[in-house]
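Reading through the structure tokens given below for one structure.
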């Protein structure tokens, strides 16, 4: 039987859909304490060089408390690749609820990479909306040309306003959603105004 640590090592040889599934808790939960330390050290060597989304996520799965302490200086020093930066900020916010992390999502909403923009919108914490985050999400709704990042941005903008499919009546939700998906910028802007009037945001940086 393959040991938990060997299964972890073998992950980096995977290709296709298996690799896309990413590292999850099932890789780390069966490990001994020593194996987890070795896994952490291997992942840290990758993250320290700029990291990827999977290496950052894996690091936090291996030892989240140690990862917060180790990754925060890399994040603050701008030493992580954009995709790794987004996932680092998400993990740190998830564990600490530090609203300062929101700035990292906001700035990546205009990243040259559609994947990074989409992930920044998707992972941004709706519970800690800042002026810059909402401005960035609105900017994406107005200008984004890629379908998935656009959907992530408008869904997060609605969520920041407290609007979900279950929080308001279906007819109103569909009207707001379609307003944000409209082709005309004027319709989108009018929808922003409607959201601000009926579902105002409690900004954390007011």
When the range 124-142 is checked residue by residue, the ones that are more than 14 Å from residue 111 (Cα to Cα) and either not assigned by TED's automatic domain parsing to the domain that holds residue 162 or not in a loop (DSSP other than H, G, I, E, B) (or both) are 131, 132, 134, 135, 138, 141, 142
What is the number of the single condition among (1) buried (at least 21 other Cβ atoms within 10 Å of the Cβ); (2) outside any helix (DSSP H, G or I) that residue 111 does not meet?
-> (1)
If only one of 88, 99 is within 21 Å of residue 126 (Cα to Cα) and touching a residue at least 60 places away in the same chain (Cβ under 8 Å), which one is it?
-> 99
State yes or no: is residue 143 under 26 Å from residue 203 (Cα atoms) and either without any contact (Cβ under 8 Å) to a residue 24 or more places away in the chain or touching a strand residue (DSSP E or B) at 6+ places or on another chain (Cβ under 8 Å) (or both)?
-> yes
Could you check, for the range 182-190, whether at least one of its residues is in the same structural domain as residue 127 (by TED's automatic domain parsing), loosely packed, with under 14 Cβ neighbours inside 10 Å and over 20 Å from residue 147 (Cα atoms)?
-> yes
For residues that are surrounded by fewer than 14 Cβ atoms within 10 Å (Cβ to Cβ) and touching a helix residue (DSSP H, G or I) at 6+ places or on another chain (Cβ under 9 Å), scanning just the range 147-165, find the one that is farthest from residue 123 (Cα to Cα).
-> 165
Might you check whether a residue that is touching a helix residue (DSSP H, G or I) at 6+ places or on another chain (Cβ under 9 Å), closer than 26 Å to residue 13 by Cα and at pLDDT 95 or above occurs anywhere in the range 95-107?
-> no
Among helices (runs of 4 or more DSSP H) entirely inside the range 1-80, those with 2 or more residues being assigned by TED's automatic domain parsing to the domain that holds residue 91, surrounded by fewer than 17 Cβ atoms within 10 Å (Cβ to Cβ) and without any contact (Cβ under 8 Å) to a residue 40 or more places away in the chain are 4-11, 17-20, 25-28, 33-47, 64-76
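The values are calculated or read from the model by the stated rules, or taken from the named source; none is laboratory data. Everything numeric in this text was worked out from a predicted model, so none of it was measured. Every residue, glycine as well, gets a Cβ built from its backbone with ideal geometry; the counts of neighbours run over all protein chains shown.
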